[in-house]
Structure formats: structure tokens, C-alpha cells
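Structure record follows, encoded as C-alpha cells.
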């Protein structure tokens, strides 16, 4: 039995970025024969998530998934649904806020769609670190760089998120400063954390 089998959590993939440099929805980019979104969702399922949320902008660039893809997971007993941002153009805080309101579990593993190389084993350690802590969030850190979109959050922090959004304090650091955080130090290969923001990033990411 995996150590994460008894950790109940909602898996959230954030896809709501504007993709200005990439020029298209990053969730549909390919890594091998699968889209970035499919790659991220499969990791969450491997870690035993029973609920999957695809966090989208209020007006998504494209439709990430066909209905058959939803049916594939639902037939496995996994509840998968799309959640659009309740506030437009408010960045990742709006994605967290809107998704946390819909999440069925008290804990959420949050994963940005544009870091497709991060391993399920890394996310597993992140979950375990959070479960052992008494914090409201566990954020991955590497070489003193915080990765708040590779993190585990308690989903009951919606009032704080709403307050920050309403006051236009949209930096995710402002949210972390308001809650008790645990930090998981990542010592693995930094290539896992490569962020794919542009066509050049994509070429680098997918080269043999």
C-alpha cells in the first residue's frame, strides 16, 4: 500500500494562464503522445486522487478535453470536472479560490499544467510532508525558489483568498504570508521543475 493511499485529497490542475508567450493553450501542448493536461491528471490519479479539478480561466482559450476523456475517468470512479474562475483576470489566486470552493476534500494537491516533467514521486513526497505538518500549505522549494503552484493546500482558506482578490493583492506570496506554511525542500533534478512558457521552452522540453 502506498503511503498516500490514506491521504484524501482533491487534485487540481491549474490551466488558466493567458499563454501570451506560447500563443495557445498550454494544456493542449504535447509531451510524447499525451497533452500536458493528460500527463498531469495521470500523476494525480496515480497518487490516488478520487476527485480531479481542471481549473480554467473564466474565458478559456480552447476547450482542453473531449467528453470521452471525462468518461474515461468517471468509469474508473473518479469525479472529474472543470471549474472556471469566478473572477476574470485575477491570476492564480482566482483559480485557487474557485477550485477550493468546489473541492470535496479538505486538502488539495495543486499542480500547474506547464510543469509536465515533475514526477509523481516528487508529488507523493510533497503530500506526505504536508500530512506530517500542521500547516495550511506545503510549498515545494528548490534552491531558495518557491513553487507555490506545485503545492498542497488546505481548501478552507477561501475567505482569505477572496479578501486578497477583492483588494487586488494578487501575488500568491500575499496569500502565503497570511497562512501557516510548511516548505518541502526538493533536492532532485531541477529539470523536473522546468516551466514551459514559450515555443523555445517547448523545444527544449521535448528534445531527445
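Points to keep in mind about this one:
- Of all residues in segment 132-144, none satisfies being touching a strand residue (DSSP E or B) at 6+ places or on another chain (Cβ under 6 Å), assigned to a loop (DSSP other than H, G, I, E, B) and in contact (Cβ under 8 Å) with a residue 60 or more places away in the chain.
- Whichever residue in segment 1-36 is touching a strand residue (DSSP E or B) at 6+ places or on another chain (Cβ under 6 Å) and under 10 Å from residue 113 (Cα atoms) and, among such residues, is modelled with the lowest pLDDT: 16
- Checking each residue in segment 164-198 for being in a helix (DSSP H, G or I), surrounded by 14 or more Cβ atoms within 10 Å (Cβ to Cβ) and out of contact with any helix residue (DSSP H, G or I) (no Cβ under 8 Å at 6 or more places or on another chain) picks out 176, 193.
- Test set (1) within 27 Å of residue 36 (Cβ to Cβ); (2) part of a helix (DSSP H, G or I) - residue 160 fails condition number: (1)
- The lone exception for residue 97 - which of (1) in contact with a helix residue (DSSP H, G or I) (Cβ under 6 Å, 6 or more places away or on another chain); (2) free of Cβ contacts under 8 Å to residues at least 24 places away in the same chain it fails: (2)
- Hey, residue 88 in contact with a strand residue (DSSP E or B) (Cβ under 9 Å, 6 or more places away or on another chain), assigned to a loop (DSSP other than H, G, I, E, B) and at pLDDT 90 or above or not: no
- Residue in segment 144-161 that is at pLDDT below 95 and surrounded by 15 or more Cβ atoms within 10 Å (Cβ to Cβ) present: yes
The values are calculated or read from the model by the stated rules, or taken from the named source; none is laboratory data. Note that this is a predicted model, so its numbers are computed, not measured. Ideal geometry is used to build each Cβ from the backbone, glycine not excepted, and the neighbour counts take in all protein chains shown.
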